[in-house]
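K.L.:
Before I ask anything, here is the structure I am working with.
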Amino acid sequence: METGTLSSTGQVAIPKKIREFLQILTSGKLIFVPLEEGKVLITTEQ
C-alpha cells in the first residue's frame, strides 16, 4: 500500500512506485472511477 498527499489546490502527489507500476509519464492521463463504500478505482488512459 502507498499513500499520496493532497495539496491545498486539490492536486494529489502519486507515489513513485505507483507511477512506475501504472507506467505514468509526466502529464499522463488518469481515469478515476467512483466505486461503492468511498473507494475510487484509478487507472491509466489506454
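Laboratory data are not the source of any read-out in this text; all were calculated from the coordinates shown. Computed from a prediction, not measured in an experiment: that's the story for all the values here. Every residue, glycine among them, receives a Cβ derived from its backbone with ideal geometry; neighbour counts consider all protein chains shown.
K.L.:
Search segment 8-26 for residues that are acidic (Asp, Glu) and pair each with any residue that is in a strand (DSSP E or B) and surrounded by 10 or more Cβ atoms within 10 Å (Cβ to Cβ) when their beta-carbon atoms are under 7 Å apart and the residues are at least 6 apart or on different chains.
P.N.:
Final answer for the pair search is none.
K.L.:
May I pose another question? Looking at GLY10, GLY28 in this structure, which one is in a loop (DSSP other than H, G, I, E, B) and surrounded by 11 or more Cβ atoms within 10 Å (Cβ to Cβ)?
P.N.:
GLY28
K.L.:
Taking the options THR5, THR43, THR26, name whichever one is of a type in the set (S, T, N, Q) and under 10 Å from the mean Cα position of the chain (by Cα).
P.N.:
When all the criteria are applied, what remains is THR43.
K.L.:
Name the residue that is nearest to THR44 (Cα to Cα), counting only residues in segment 1-29 that are touching a strand residue (DSSP E or B) at 6+ places or on another chain (Cβ under 8 Å) and small (Gly, Ala, Ser).
P.N.:
Filtering first and then ranking leaves GLY28.
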